[in-house]
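Following: one structure in structure tokens, then a few remarks.
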Amino acid sequence: TRECDEQSQCLLLIDFRTGDRISWIPARPQIQILNPSETKNQKTSQNIGYRHSTTSILHSYYHKKMKLLNAFALIALVTPAASFTPASKLSSKLTTRAMGSSLYAASKDDLLGAQEMIDQIIYEKACGPILVRLAWHDSGTFDKDVKGDWPKAGGAVASIRFDPEINHGANAGLSGAIALLEPVKKAFPDVSYADIFQMASCRAIETSGGPKIGVKYGRVDASSADMCSPEGNLPDGEPGDNGMYGGPGGTASTESKEPEGHLRKVFYRMGFNDEEIVALSGAHTFGRAYADRSGLGKEKTKFTDGSTKQPRADGTDAPFKPGGQSWTERFLIFDNSYFTTLDDDNADPELLKMSSDKAVFKDDKFRPFAEKFRDDQDAFFESYAKAHKKLSELGSKFEPAEGITL
């Protein structure tokens with residue numbers, strides 16, 4: 001707001017899609033200014049008239065200038081009796097927030113609505129594991145040593161939805177996961193893709209018997225393909241044809257002759273320690289590997305061919321699509337079975353054990369954590385929840401800065 005002259009004030013209209021200041025519109029006679037001394041009924045009556053008048057102004061503006069009837073705008077009106085906010089400070093503050101994202105921050109109600117819709121998708125389609133993979137591959141590009149403007153360092157910014165990142169080799173099959181979540185974005189457009197991806201991953205874990213993650217929301221989306229991370233930052237399960245894990249690409253080399261060395265290069269780059277690496281590895285208790293995606297895993301096994309039922313955490317049978325190779329027998333339930341199976345020499349040979357999996361028991365510094373998680377599921381859940389939350393926030397910019405908790 002600002003004073004137009006000694007007798008009246010102006011309305012500042014701001015487009016929240018672009019951060020543009022539309023104009024200062026002098027208050028007119030038909031736009032009545034509320035007086036604190038008026039009765040409650042008078043205020044209500046005049047407020048209705050005021051809203052109708054300003055709505056007319058906005059519609060007229062967008063019809064003529066932008067043809068966007070659904071654009072968001074702020075109408076600020078302050079009376080002489082109310083506190084006065086200088087126009088320069090108000091517009092600067094709001095423009096800064098608006099320019100950081102394509103839309104204004106989502107409300108808690110929007111986020112709760114999105115969460116309910118995501119829970120239903122997970123339940124009906126038994127797709128929790130691929131939603132975890134989607135979120136992890138988005139946030140797992142983060143490099144703590146990369147400096148520059150956001151989102152140069154990568155992370156949980158939803159850049160994975162753009163080409164070329166979605167077509168990186170490690171992301172094969174994830175376009176389908178994004179498609180599963182598009183109805184959520186359509187229903188709740190103010191919720192960012194980055195929040196939707198991380199929420200889906202979190203809820204997949206929580207609704208499948210895993211720990212409560214405590215993820216916060218309010219992430220800002222990367223807005224174009226120019227913000228995509230380079231290929232080569234994600235971990236390998238097995239060595240390449242040259243006998244090496246990882247490679248020289250990405251933001252830093254992840255190449256190593258040993259799986260444990262490769263894992264440390266990948267996860268240290270993100271800021272994780274050995275305990276967190278082992279805890280996050282435990283998420284392989286959930287889901288399957290597919291040869292046409294990761295290049296690893298059998299076409300099907302007796303656990304995944306549809307001949308046996310797969311339970312949800314609530315005991316009901318899940319309608320899963322046959323195929324792939326799982327690490328555990330009950331691959332739609334999140335527990336510590338990954339560790340108990342991995343360390344069991346008599347485990348069914350149709351269960352997957354990649355070289356990078358075996359490293360958590362083979363490596364001297366990883367092994368104490370793997371044994372701890374094998375023997376104590378509560379300890380695994382505690383460490384996992386902390387590591388997952390940290391992963392979900394890597395590289396993120398939040399609006400508001402402190403984030404939104406549900």
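For the reader, a short list of remarks on this structure follows.
- Enumeration of residues in the range 238-291 that are open to solvent by less than 30 Å² (accessible area, probe 1.4 Å), within 22 Å of K390 (Cβ to Cβ) and hydroxyl-bearing (S, T, Y): T254, S281, T285
- Subset of the range 121-172 (residues that are among the hydroxyl-bearing types (S, T, Y) and within 17 Å of the chain's Cα centre (by Cα)): S139, T141, S159
- Residue match in the range 342-354 (condition: in contact with a strand residue (DSSP E or B) (Cβ under 8 Å, 6 or more places away or on another chain) and surrounded by fewer than 17 Cβ atoms within 10 Å (Cβ to Cβ)): yes
- Unmet requirement for P239, which otherwise passes all of (1) out of contact with any Phe, Trp or Tyr (no Cβ under 6 Å at 6 or more places or on another chain); (2) assigned to a loop (DSSP other than H, G, I, E, B): (1)
- Single match in F369, F339, F373, F334 (criterion: more than 26 Å from P311 (Cβ to Cβ), of a type in the set (F, W, Y) and in contact with a helix residue (DSSP H, G or I) (Cβ under 7 Å, 6 or more places away or on another chain)): F369
- The range 381-399 - residue that is open to solvent by less than 20 Å² (accessible area, probe 1.4 Å) and polar (S, T, N, Q) and, of those, farthest from C202 (Cα to Cα): S383
- Single match in D378, D317, D357 (criterion: of a type outside the set (F, W, Y), out of contact with any Lys or Arg (no Cβ under 6 Å at 6 or more places or on another chain) and open to solvent by 30 Å² or more (accessible area, probe 1.4 Å)): D378
- Within the range 294-306, residues that are open to solvent by less than 50 Å² (accessible area, probe 1.4 Å) sit with their Cβ atoms under 6 Å from residues that are among the hydroxyl-bearing types (S, T, Y) and part of a loop (DSSP other than H, G, I, E, B), at 6+ positions apart or across chains, in these pairs: G297/Y290.
- Residue, most open to solvent (accessible area, probe 1.4 Å), within the range 125-158, restricted to residues that are under 21 Å from A283 (Cα atoms) and of a type in the set (D, E, K, R): K125
- Restricting the first member to the range 316-336 and to residues that are more than 23 Å from N346 (Cα to Cα), and the second to residues that are part of a strand (DSSP E or B), the beta-carbon pairs closer than 8 Å and six or more apart or on different chains are D317/P311; A318/P311; G323/R288.
The values are calculated or read from the model by the stated rules, or taken from the named source; none is laboratory data. Treat the numbers as computed from the prediction; the structure is a model and nothing was measured. Neighbour counts are summed over all protein chains in view; Cβ atoms, including those assigned to glycine, are modelled from backbone coordinates with ideal geometry. Calculation scope for accessible area: heavy atoms of the full protein, side chains included, ligands and nucleic acids excluded. Shrake-Rupley method; radii C 1.70, N 1.55, O 1.52, S 1.80 Å.
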